[in-house]
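Presented below is the structure to which this report refers.
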Amino acid sequence: MDFKLSAEESRFAEGVRAFLDQQAQHPDAAEFMAPDRDAHSQLANSPERRAFCKRMGAQGYLGMSWPEAYGGQDIPGIFEYLLNEELALRGAPLIGKGVGCIGKTIIRHGSEDMKQRFLPLILDAEVEFALGYSEPGSGSDLASLKLKAEKDGDGWVLNGQKVWTTSANFAEWYWVAARTDPDAPKHKGISVFLIPMDHPGLTVRPIETMGHHWTNEVFFDNVRIGPEALVGELNKGWTYVCEALDFERFTFYTINPLLQKFERALDALRTTTRNGVPLADDIGVKRQVGRLGAEVETAKMLQRRVVDAAAKGQVPAVEAAMYKVFATRLGQVLTDFVLDHLGPAGLLRSDAEGAVDNGVWEHFYQTTPLDTIGGGTSEVQKNIIARRGLGLPLK
Ligand SMILES: Cc1cc2nc3c(=O)[nH]c(=O)nc-3n(C[C@H](O)[C@H](O)[C@H](O)COP(=O)(O)OP(=O)(O)OC[C@H]3O[C@@H](n4cnc5c(N)ncnc54)[C@H](O)[C@@H]3O)c2cc1C
């Protein structure tokens with residue numbers, strides 16, 4: 001089995017590293033590149049972050065896998081994955097839902113007007129989107145969503161609620177799944193709409209979660225939209241939502257943050273002493289680290305299988321589920337292990353006097369559980385493995 005990058009892929013990754021080295025010299029670099037904040041730095045908004053995304057656009061890094069006819073370069077998705085790995089390593093914003101699920105769905109199914117309107121904005125990093133799928137009572141079982149979209153002249157009127165919408169507090173546009181046919185089987189009565197976030201009748205209410213992560217509830221109170229807001233065909237929304245997940249599955253799950261955490265854990269063990277002896281000299285610690293090292297290597301292999309399947313044009317649903325459930329759990333186990341050994345000072349936040357390693361382990365402790373929920377919980381991933389991977393019955 002050969003998981004090595006091709007010469008072209010290696011050259012591309014080197015080019016990205018050179019671009020990021022240059023960006024690291026920018027006077028605002030600390031605002032858009034912060035490895036300590038790991039993947040959750042995507043979720044923040046700031047003028048510096050947006051300016052950085054625009055520089056990525058100018059460099060040709062946005063929409064690389066799109067067709068040339070729409071401003072892309074028609075190159076395989078693996079290059080977007082490689083870009084995201086390098087961005088993740090520096091704690092910079094990853095190329096996200098605009099280029100990924102939204103841009104690609106508009107290209108495949110959107111009207112010509114929608115393409116002309118949104119695709120150039122995405123390529124220039126001029127627009128932020130929020131994804132409105134989850135609702136109270138409809139998360140894992142997303143197809144049961146209830147947000148009502150009723151016909152109103154040639155448009156629709158929307159009433160109901162979404163929850164956990166990341167970026168709704170700063171995005172300009174809302175990509176929303178709503179029920180347009182309550183009488184159809186649940187997967188067949190859903191449509192997707194694109195609505196301005198400041199549309200009358202929409203109310204965004206922030207929710208602060210663990211690790212200073214902000215997400216939102218969004219309420220729809222007689223939100224009237226015209227026919228131009230419909231993405232693709234009426235009642236085909238479920239197909240678009242699933243297709244977009246398939247596009248994204250392997251660019252989402254970068255391995256570099258986990259590898260970086262492991263290196264950081266080794267540094268912490270070498271530099272922290274107990275009774276005057278470095279933790280790394282303790283035989284019990286070494287045994288635990290040995291096991292963790294083997295598990296990190298396993299995560300790496302599981303992730304390579306996702307990339308390999310995707311590069312061959314397959315949909316790596318089972319591979320991605322295996323990688324996600326294993327790697328996100330390992331992120332938690334690794335964090336618990338380091339905190340157990342750092343003692344009370346490891347629990348101090350970055351702004352507290354005496355915080356170890358700038359408080360990152362306390363931060364990881366709060367943020368790693370989020371990875372086991374977003375994009376489908378660990379239980380849902382296990383169901384995918386059992387059913388689709390191992391052929392066990394759906395029950
Ligand atoms: C950081 C973060 C960002 C997010 N961003 C967004 C966003 O931008 N837009 C959006 O729409 N949503 C977003 N979500 C929501 C996320 O997709 C849902 O939280 C997730 O799908 C789980 O749904 P739920 O919270 O309703 O939990 P539920 O589906 O109610 O699950 C509750 C518990 O039951 C378990 N469970 C459910 N069904 C089964 C089953 N069949 N078998 C076994 N166990 C089961 C789950 O694993 C979980 O432990 C985000 C979540 C997080 C953590």
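Are any of the residues in region 275-291 aliphatic (A, V, I, L, M) and touching a Ser or Thr at 6+ places or on another chain (Cβ under 8 Å)? Checked against the condition, which is being aliphatic (A, V, I, L, M) and touching a Ser or Thr at 6+ places or on another chain (Cβ under 8 Å), region 275-291 yields at least one hit.
Listed here are the residues, each with its yes/no results for (1) more than 20 Å from Thr215 (Cβ to Cβ); (2) exposed (fewer than 14 other Cβ atoms within 10 Å of the Cβ).
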| position | (1), (2) |
| --- | --- |
| Ala149 | yes, no |
| Gly153 | yes, yes |
| Trp156 | yes, no |
| Ala171 | no, no |
| Ala178 | no, no |
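Taking the listed residues His213, His187, the one that is in contact (Cβ under 8 Å) with a residue 24 or more places away in the chain, closer than 22 Å to Arg108 by Cβ and either within 24 Å of the chain's Cα centre (by Cα) or within 16 Å of the ligand (Cβ to nearest atom) (or both) is His187, with no other qualifying.
Residues of region 16-36 that are over 23 Å from Asp357 (Cα atoms) and surrounded by 15 or more Cβ atoms within 10 Å (Cβ to Cβ): Val16, Phe19, Leu20, Gln23, His26. Residues in region 145-174 that are touching a helix residue (DSSP H, G or I) at 6+ places or on another chain (Cβ under 6 Å) and within 10 Å of the ligand (Cβ to nearest atom): Thr166 only. Criterion applied to Leu202, Leu258, Leu234 was being among the hydrophobic types (A, V, I, L, M, F, W, C) and in contact with a helix residue (DSSP H, G or I) (Cβ under 9 Å, 6 or more places away or on another chain), and the one residue passing it is Leu258. Scanning region 127-147 for residues that are touching a residue at least 60 places away in the same chain (Cβ under 8 Å) and not in a loop (DSSP other than H, G, I, E, B) yields Ala130, Gly132, Leu142, Ala143. Among the conditions (1) touching a residue at least 24 places away in the same chain (Cβ under 8 Å); (2) in contact with a Leu (Cβ under 7 Å, 6 or more places away or on another chain); (3) within 16 Å of the ligand (Cβ to nearest atom), Arg387 misses just one, which is (1).
Being surrounded by fewer than 18 Cβ atoms within 10 Å (Cβ to Cβ), of a type in the set (Val, Ile, Thr) and modelled with pLDDT of 95 or more is not true of Val338.
For region 345-384, a residue qualifies if it is in contact (Cβ under 8 Å) with a residue 12 or more places away in the chain, more than 16 Å from the ligand (Cβ to nearest atom) and of a type in the set (A, V, I, L, M, F, W, C), and the qualifying residues are Leu347, Leu348, Val356, Val360, Trp361. When Ala268, Ala244, Ala280, Ala229 are checked against the criterion of being modelled with pLDDT under 95, crowded, with 16+ Cβ neighbours inside 10 Å and closer than 30 Å to Asp154 by Cα, a single residue qualifies: Ala244.
Restricting attention to region 253-265, the residues that are in contact with a Lys or Arg (Cβ under 9 Å, 6 or more places away or on another chain) and surrounded by 19 or more Cβ atoms within 10 Å (Cβ to Cβ) total 3.
Does Gly293 qualify as being away from the ligand (no atom under 14 Å from the Cβ), assigned by TED's automatic domain parsing to the domain that holds Leu269, assigned to a loop (DSSP other than H, G, I, E, B) and not acidic (Asp, Glu)? No, not satisfied. Select from region 360-395 the residues that are assigned to a helix (DSSP H, G or I) and over 24 Å from Ser138 (Cα atoms) and list them in ascending order. Hits for region 360-395 are Val360, Trp361, Glu362, His363, Phe364, Tyr365, Gln366, Gly389. Residue count for region 287-330 under the criterion of being touching a Leu at 6+ places or on another chain (Cβ under 8 Å), within 19 Å of Val380 (Cα to Cα) and not hydrophobic (A, V, I, L, M, F, W, C): the result is 2. Of the residues making up region 343-359, those that are closer than 23 Å to Asp282 by Cα and either among the polar types (S, T, N, Q) or crowded, with 20+ Cβ neighbours inside 10 Å (or both) are Gly346, Val356, Asp357. Could you tell me whether region 95-102 includes any residue that is more than 15 Å from the chain's Cα centre (by Cα) and either surrounded by fewer than 21 Cβ atoms within 10 Å (Cβ to Cβ) or not assigned by TED's automatic domain parsing to the domain that holds Gln23 (or both)? Checked against the condition, which is being more than 15 Å from the chain's Cα centre (by Cα) and either surrounded by fewer than 21 Cβ atoms within 10 Å (Cβ to Cβ) or not assigned by TED's automatic domain parsing to the domain that holds Gln23 (or both), region 95-102 yields no hits at all.
Does region 316-331 include one or more residues that are surrounded by fewer than 16 Cβ atoms within 10 Å (Cβ to Cβ) and among the aliphatic types (A, V, I, L, M)?
Among the residues of region 316-331, not one is surrounded by fewer than 16 Cβ atoms within 10 Å (Cβ to Cβ) and among the aliphatic types (A, V, I, L, M), which makes the answer no.
The values are calculated or read from the model by the stated rules, or taken from the named source; none is laboratory data. Because the structure is predicted, anything quoted here is derived from the model rather than measured. All Cβ positions, glycine included, derive from the backbone under ideal geometry; neighbour counts span all protein chains shown.
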